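Read-outs: derived from the displayed coordinates by stated rules, not from any lab. Just so we're clear, the structure is a prediction, and the values are computed from it rather than from any experiment. Cβ placement follows ideal geometry from the backbone for every residue including glycine, while neighbour counts extend to all protein chains displayed.
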Amino acid sequence: MLEIKTGSEGEIVLEGRFDASQVDKAAAEFAKIDSTCIVNFENLSYISSGGLSVLLSTEKRLREKGHNLRLKGLNSHIRELFAYAGLDKVFQID
Amino acid sequence: MERAFKRDVVQVRDLFAFISDFAREHGLAEGAAFALNVAIEELFVNMVRHNPESGGDITVDLSTDGRAVTARITDCDAEPFDPTSVGPFDPATPIEKRQPGGLGIHLARSLTDDMTHEYDGTKSTIVLTKILRTEDA
């Protein structure tokens with residue numbers, strides 16, 4: 001199950017598992033983002049290509065307006081997944 | 001251990017529970033369990049999306065000899081589709097040229113050590129092998 005919350009200073013906080021079953025719900029939430037935004041992964045244990053695609057489409061849309069997503073708190077397994085997908089070079093990851 | 005899953009993306013939750021039970025029972029390291037979760041989810045979802053009209057279940061069979069885990073994911077009512085024949089995904093593709101799709105099979109390949117495909121006329125089976133390493137912890 002994935003929980004998407006709004007944290008301090010408007011950051012998006014992800015909690016749980018971002019798998020294929022959560023894509024529609026997450027896409028609806030990420031569609032509301034219209035400017036540069038921090039996405040906090042500290043409590044996210046899992047992500048698969050469905051979750052990555054939501055992040056990627058959001059990043060594409062924001063870049064067209066000169067904005068982007070800034071990801072933080074990725075665990076080592078998720079960080080490795082980003083590297084396999086080449087997304088460690090696409091996203092700003094703190 | 002083997003289990004059948006309905007052809008629905010929401011079944012990934014039960015799939016994770018099944019893989020987690022197997023990982024716990026066999027003492028798999030966290031990294032190996034994570035890799036198997038992602039690889040099996042990607043192939044399961046691929047089967048659901050590419051063969052939505054089938055009424056048959058998708059089965060997942062997990063086994064280990066202590067050195068590697070073998071996962072057999074079988075679409076019980078499928079046209080032949082060999083994911084191992086899909087061309088390589090280029091992770092260096094810039095964001096503006098990235099298209100939806102293709103990433104899941106790339107991740108399944110990247111996170112495991114071998115992927116083969118079997119087809120017997122109705123059943124399409126993908127066999128994944130994940131070698132267990134101490135660094136997977």
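Just a few scattered comments:
- Distance distribution P(r), chain B, all Cα-Cα pairs, bin width 5 angstrom from 0: 2, 10, 21, 23, 19, 14, 8, 3, 0 percent.
- Prolate/oblate/rounded label for the range B:63-137 (Cα gyration tensor, a/c 1.5): oblate
- Amide H contacts of B:Phe5 (H built 1.01 Å from N, under 5 Å, at least 5 apart or other chain): B:Ile58, B:Thr59, B:Val60
- Note on the protein assembly as shown: antiparallel DSSP beta bridges, both residues inside, total approximately 70 percent of the bridges counted.
- Spin-label pair B:Lys123/A:Glu3, simplified geometry with 7 Å Cα→Cβ offset, distance in nm: 4.2
- Cα shape, the protein assembly as shown, gyration tensor, a/c 1.5 rule: prolate
- Cut-off 12 Å between beta-carbons: net charge of the residues surrounding A:Val13, Lys and Arg +1, Asp and Glu -1: -4
- Reachable lysines from B:Lys123, criterion Cα separation under 18 angstrom, eight or more residues apart if same chain: B:Lys6
- Taken residue by residue and averaged, Cβ atoms of other chains lying within 10 Å of the Cβ of B:114-125 number 0.
- Among B:Pro91, B:Pro83, B:Pro100, the largest mean-square fluctuation in a Gaussian network model of chain B, built with springs joining Cα atoms closer than 10 Å, belongs to B:Pro100.
- Loop-located trypsin sites (Lys or Arg not before Pro) in the range B:1-70 (DSSP state other than H, G, I, E, B) with a sparse environment of at most 15 neighbouring Cβ atoms within 10 Å: B:Lys6, B:Arg67.
- Bridge type composition, the range A:2-93 - antiparallel percent by DSSP, nearest 5: 30
- Listing B:Met1, B:Met115, B:Met47 from fewest to most neighbouring C-beta atoms within 10 Å gives B:Met1, B:Met115, B:Met47.
- For the residues of B:11-20, the average number of beta carbons from a partner chain within 10 Å of their own beta carbon is 2.
- Cα-based shape type of the range A:1-57, given that a ≥ b ≥ c are square roots of the gyration tensor eigenvalues and the cut on a/c is 1.5: oblate
- Residues A:Ile4, B:Ile19 arranged by fewest to most Cβ contacts within 10 Å: A:Ile4, B:Ile19
- Rounded to whole Å, the principal axis extents of the Cα atoms in the range B:31-98 read 40, 36, 19, largest first.
- Within straight-line cross-link reach of A:Lys89, lysines at Cα separation under 17 Å, skipping those fewer than 8 residues along the same chain: A:Lys60, A:Lys72, B:Lys97
- Sequence-distant aspartates and glutamates (8 or more away, or on other chains) whose Cα lies within less than 14 Å of A:Lys5: A:Glu15, A:Glu29, A:Glu42
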